[in-house]
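So the structure is just underneath, and the comments pick up after that.
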Amino acid sequence: MGTGLILALAGLLAGVLAGFLGIGGGTVMVPVMVALGLSGVQAVGTSTLAVALIALVGSLQNWRMGFLKINHVAMLGLPALVTAYLGQAVATALPEHALLAIFGLFLLFNIYLIGLKKQVIRQATRAEVDGETGLPEVVPQRLSPTVLRLGIGGLAGFLAGLFGVGGGVVMVPLQILLLHEPIKAAVQTSLGAIVITGLWACLWHAQAGNVQLATGLILGLVGAIGVQVSTRYLPRLPDRAVTIMFRLLLALLAGYFFVKAWSSYTLVAS
């Protein structure tokens, strides 16, 4: 199978997952590019270009269908104007095996966040049975939704620069956990914010020479086709199905990155 076809298939899969799960697709594209011979930092930088294109097309589709809250998107995306640069600087400075291993740990941590969200919902259900109301407090009352969204967006921007993801793998679970957003609304808002985080991270990586333009365009343009399909079908899926897909994807990719990190470390050590 030729490199171009592999990239096209990876972009298509990334686009479909972006619409269903509210991620930019970097968690799929970065491993494929590493497998094709790009260095970790090149894969990360190139992924940001594709991520921005995929998220833009998917968000336009969500906006046309009336599912996009622009003010929430802006609060998540704007902090990335600063934090994406910091992430890019760290990614460029890290050894290859360290960058890959940290990415794997990051994916596993997001599985934990999804599990914590489900625990919060179970506690709220039991509270209602006992005659109480409202969700248990998981953050101090003094933190407003605006502050929380800015903090989540800032973290997502840093991760976009560091790992070449749009930041959806952290924005989706944190919106659910801290802001009590339904998973579908969290997915749609996350995808909109990824337009900003992905584009800004791409600009910083391009300045550092980490973006392979042709590769990024193939992934992004083909991914734009996949994301149009998945954003149309997301409202019809049960929340449980979306949650299962998200957690399974993270677990599989975390394992892949640990294997790649070990291979890179043993190569350096030898």
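Bear in mind that the values in this text are calculations on the coordinates, not laboratory data. The model shown is predicted, which means the values in this text are computed figures rather than measured ones. In this analysis, Cβ positions are derived from the backbone assuming ideal geometry, glycine residues included, and neighbour counts consider all displayed protein chains.
Data overview
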| item | result |
| --- | --- |
| Ranked Trp63, Trp204, criterion: other C-beta atoms within 10 Å, fewest first | Trp63, Trp204 |
| Least to most buried among Thr243, Thr83, Thr266 (fewest other Cβ within 10 Å first) | Thr266, Thr243, Thr83 |
| Computed FRET value (nearest 0.05) for Leu86 with Leu179, which takes r as the C-beta separation and R₀ as 25 Å | 0.55 |
| Inter-site label distance for Val147 and Thr3 at 7 Å from Cα along Cβ, in nm | 5.0 nm |
| Over region 161-270: Kirkwood hydrodynamic radius from C-alpha pairwise inverse distances, Å | 16.2 Å |
| D (Stokes-Einstein, µm²/s), Kirkwood Cα radius, region 181-241, 1.567 mPa s at 4 °C | 96 µm²/s |
| Residue order, fewest to most beta carbons within 10 Å, for Phe67, Phe109, Phe257, Phe103 | Phe109, Phe67, Phe257, Phe103 |
| Full-stretch length increase - Trp262, Ala214 - with 0.36 nm per residue and alpha-carbon distance subtracted | 14.4 nm |
| Shape box of region 1-110 [Cα atoms, principal axes, largest first, Å] | 42, 37, 23 |
